[in-house]
């Protein structure tokens, strides 16, 4: 069965410092990969996605992620974080259309806490 | 354009009751998926509907059911509620049933006492 592992449950960081949130997936076939952000008491907002092509993907709010097929990783990075980036971040994988439907498989989430 | 909308925003029920949650997809989107997010965990897939037909179901008991209407809105029904059903229920929509970006609504927070 496919799974997504977010290696850090919490990441504390100071404002304006760089940050990396780690994500690994297990799949024997190609997958689509996503990062979503969830602010307190809200739904999920898409940060970026990798479907195919360039392995470096740029998203909203200055975030980017790099797809590494050999390491089955899709780590999220930001060179300089702001207080407003404090939120829960979810990595998700979606297998190609098969079996007649598609679904997102989420990791457990990483809580990013940005301190002044 | 309006995004995915869900109602109600919050709900409190007691064990054994049933609940109906509602979702309206983005205009032009024909597929709706439902996810359950228990506190402290990532969302778990419950159902996907496309063109009013169930296309997929996650590992949830038969107490969970859903349907999609001709206007592509959807209802999630849960019968015989258990304490463990307390969660944030998220609805997501896509244009078609094929793999593409899913757009999420704000969710309905259900508390079962």
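Annotations
- Whichever residue in segment A:86-98 is modelled with pLDDT under 85 and facing chain B (nearest Cβ under 7 Å) and, among such residues, is farthest from residue A:27 (Cα to Cα): A:97
- Residue A:41 fulfils the conditions (1) over 15 Å from residue B:37 (Cβ atoms); (2) within 11 Å of chain B (Cβ to nearest Cβ) except for a single criterion, (1).
- Residues being in a strand (DSSP E or B) and touching a residue at least 60 places away in the same chain (Cβ under 8 Å) - total across segment B:78-89: 2
- Matching option when the condition is free of Cβ contacts under 8 Å to residues at least 60 places away in the same chain, at the interface with chain A (Cβ under 9 Å from one of its Cβ atoms) and either surrounded by fewer than 21 Cβ atoms within 10 Å (Cβ to Cβ) or more than 10 Å from the chain's Cα centre (by Cα) (or both), among B:75, B:51, B:100: B:100
- Matching residues, segment B:34-48, being in a strand (DSSP E or B) and either in contact with a helix residue (DSSP H, G or I) (Cβ under 6 Å, 6 or more places away or on another chain) or more than 8 Å from chain A (Cβ to nearest Cβ) (or both): B:34, B:36, B:37, B:46, B:47
- Only listed residue being farther than 23 Å from residue B:106 by Cα and in contact with a strand residue (DSSP E or B) (Cβ under 7 Å, 6 or more places away or on another chain), chosen from A:110, A:86, A:55: A:55
The values are calculated or read from the model by the stated rules, or taken from the named source; none is laboratory data. Given the structure is predicted, the values throughout are model-derived calculations rather than measurements. Cβ sites come from the backbone with ideal geometry, for glycine too, and all protein chains shown count toward neighbours.
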